[in-house]
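Okay, structure first, notes after.
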Amino acid sequence: MIRSSLPGSIAAAPADRVGGRERLLLLSLYTTQTLALMFFVAALIAILAEAGADMDRLTRVYMLGLVWPAKLLWAPLVDRVRFGHAGHYRVWAIIMQAAMVVVLAVMAGFDPLDDFNTVYVLCLALALLSATQDVAVDGLACRLLPVEARGSGNALQIAGGLLGTMVGAGGVLVLYPHLGWPGAMALLAAVTGVSLVQLLAFREPGSVTAVVTPPPLRRRLAGLRRPDVLGWTALLLIWPAGSGMAYALIMPALVDAGWSMERIGLVVNVAGPMAGILGALAAGLIAGRIGRRPALILAALVQLAGIAVVAVPVLSTGEGWLPVAAVCLYFLFYNPGATVMAMVMMDRASTARPATDYSLQSTFHAAVGMGSISAGAAIAAAGGAGATLQVAGIAGLLALVGAVLLRHPSGGRS
């Protein structure tokens, strides 16, 4: 989590090497890494539940989401193992992307109910492959995107994740009654294969594939005592707590208001992510112009507004347009912060092992976010939705204070 400027380290590729083709590749990779996984975690649950599957099967599918945090265990391997002139992170991504296409194609030959155990093993394999692909793509993005291009680059990263969720958990599920299981797997494999074709046509810049010498462990540990590192770590962990707790209230509130599951899915998995994509792209554009610290402060303020607007569906008793607008505003106001935080994480990843450093930061950040959703639900069960909103608001205010106090978000650059 320390930004490196040591001898033997390398900088990101020059700005003229990051054109529209490279940005489209990053958007595609960040989309397809979540596409099939979100179909299984969200849509497969609906398919199994409709068919009357027991809770044991449903719980096992939900547990697929636990694979991604474990990627920290093998992220150093992705940094360490290189493939010469064929490209370092490019080859890792090609192997993972191709394997995902194969797994999806094989899965088309099985039935999710009759062959559940086999399908689940293949789902688990896909989760491992997508997590490893994410490590490789993060490493490539850290090295490929120059500092001045990370606003738009990280916006594409966040937008890609939202797009993968929207298409995988929303679009493919809508088409499922017409496609069936084999058709859905074929569609997921085909879309995932688009990124593979892009990777095969891409050539990693020479500066990205250069061999580097990681800094000594003693020097890295000494750097953890720096005030700016401690401040950033605190902000990294507190930032997602408020929005996570607020998110925990949205689905139960809509159910209590009498919304159908189809309507909830359309708003939460389609309309919301669409608004989130707009928020991420706008944040990337603005952050690239005003700098990291002002962007963090602005994003924290916007995040507070997103937490507050969740009060609308919580207090709503019907299916009017106000709850729909509020859910969309939540996504619109949350994702600017996700974009700016990703920018700073990338700035603080060492040039010697960017995949490991970025994965370390993003995994802990995401873990707090997931944990805060559970905490928000627990607080609501004990003290009501109002209590959850109050605690979420306090967490959001702490994130704002942290952003104001953090003088050099990028480890020396603001």
Give me the distance in nm between label points sitting 7 Å out from Cα along the Cα-to-Cβ direction at A108 and L24, one decimal. 2.5
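To the nearest 20 debye, what charge dipole does the stretch 28-174 have about its Cα centre, counting +1 at the Cβ of each Lys and Arg and -1 at the Cβ of each Asp and Glu?
Here the stretch 28-174 has a charge dipole of around 640 debye.
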Return the sequence-ordered ³J(HN,Hα) values of the stretch 96-105 in whole Hz as given by the Karplus equation 6.51 cos²θ - 1.76 cosθ + 1.60 applied to θ = phi - 60°, using x for Gly and Pro. 5, 5, 5, 5, 5, 4, 5, 4, 5, 5
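FRET efficiency for R60 and A98, Cβ-Cβ distance as r, R0 = 25 Å, nearest 0.05?
0.40
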Calculate, in nm to one decimal, what A51 and S374 gain on full extension: separation in residues at 0.36 nm each, minus their alpha carbon distance. 113.6 nm
Given A136, T233, V67, which one lies farthest toward the positive end of the charge dipole of the chain, if we put +1 on the Cβ of every Lys and Arg and -1 on the Cβ of every Asp and Glu? T233
Roughly speaking, what is the stretch gain from H408 to A381, that is 0.36 nm per residue apart minus the C-alpha to C-alpha distance, in nm to one decimal? 5.8 nm
Quick check: pseudo-label points 7 Å beyond the Cα along Cα→Cβ at L266 and V147, how many nm apart are they? 4.8
C-alpha center-to-center spacing [the stretch 248-298, the stretch 303-348] in angstrom: 5
How large are Rg and Dmax for the stretch 286-372 when calculated on the C-alpha trace, in angstrom? 16.0, 54
With n ≥ 4 as the cut-off for DSSP H runs, can you work out [θ] at 222 nm for the chain, using -39500 (n - 2.57) per run divided by the number of residues, rounded to the nearest 500? -24500 deg cm²/dmol
Net dipole in debye of the chain [+1 Lys, Arg Cβ; -1 Asp, Glu Cβ; about Cα centre; nearest 20]: 1960
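Rounded if a/c is under 1.5, else prolate if a/b is larger than b/c, else oblate: which is the chain, with a ≥ b ≥ c the root eigenvalues of its Cα gyration tensor?
In terms of gyration-tensor shape, oblate.
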Which listed residue (G160, L48, A105) has the Cα farthest towards the positive end of the charge dipole for the chain, taking +1 on Lys and Arg C-beta and -1 on Asp and Glu C-beta about the Cα centre? G160
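Quote the charge dipole size of the stretch 30-81 about the Cα centre in Debye, to the nearest 20; the model charges only the Cβ of Lys and Arg (+1) and of Asp and Glu (-1).
Numbers: 4 positive and 4 negative charges, 43 e Å.
Here the size comes out at about 200 debye.
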Work out the charge dipole of the chain with +1 on the Cβ of Lys and Arg and -1 on the Cβ of Asp and Glu about the Cα centre, then indicate which of G320, T192, P146 is farthest towards its positive end. P146
For peptides 268-276, 313-321, sequence by mean Cβ density within 10 Å, most packed first: 268-276, 313-321
List the residues whose amide H sits under 5 Å from the amide H of S350, counting only those 5 or more places along or on another chain, with H placed 1.01 Å from N in the peptide plane. I2, S4, D357
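Just the accessible area per residue of the stretch 94-197, please: how many Å² with a 1.4 Å probe?
Value for the stretch 94-197: 33 Å² per residue.
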Spin-label point model (7 Å from Cα, Cβ direction): what's the V229 to H178 distance in nm? 5.4
The stretch 152-190-the stretch 370-414 distance, computed between alpha-carbon centres (Å): 30
With θ set to phi - 60°, apply the Karplus curve 6.51 cos²θ - 1.76 cosθ + 1.60 along the stretch 44-54 and write out the HN-Hα couplings as whole Hz, x wherever there is a Gly or Pro. 4, 4, 5, 5, 5, 5, 5, 7, x, 5, 6
Carbon plus sulfur fraction of accessible area for the stretch 369-414, probe 1.4 Å, in percent: 72
For the stretch 314-320, what does the Karplus curve 6.51 cos²θ - 1.76 cosθ + 1.60, with θ = phi - 60°, yield as ³J(HN,Hα) per residue in whole Hz, taken in order and with x for Gly and Pro? 5, 8, 6, 10, x, 10, x
Carbon and sulfur atoms: what percent of the 1.4 Å accessible area of the stretch 71-118 do they account for? 67
Most fluctuating of M100, M341, M370 in the GNM of the chain (C-alpha, under 10 Å) is M370
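The values are calculated or read from the model by the stated rules, or taken from the named source; none is laboratory data. The structure displayed is predicted, hence computed values, not measured ones. Counting neighbours? That spans all protein chains shown, and the Cβs are built from the backbone with ideal geometry, glycine included. For the accessible areas, the whole protein counts, side chains as well, though only heavy atoms, and no ligand, DNA or RNA atoms are used. Shrake-Rupley method; radii C 1.70, N 1.55, O 1.52, S 1.80 Å.
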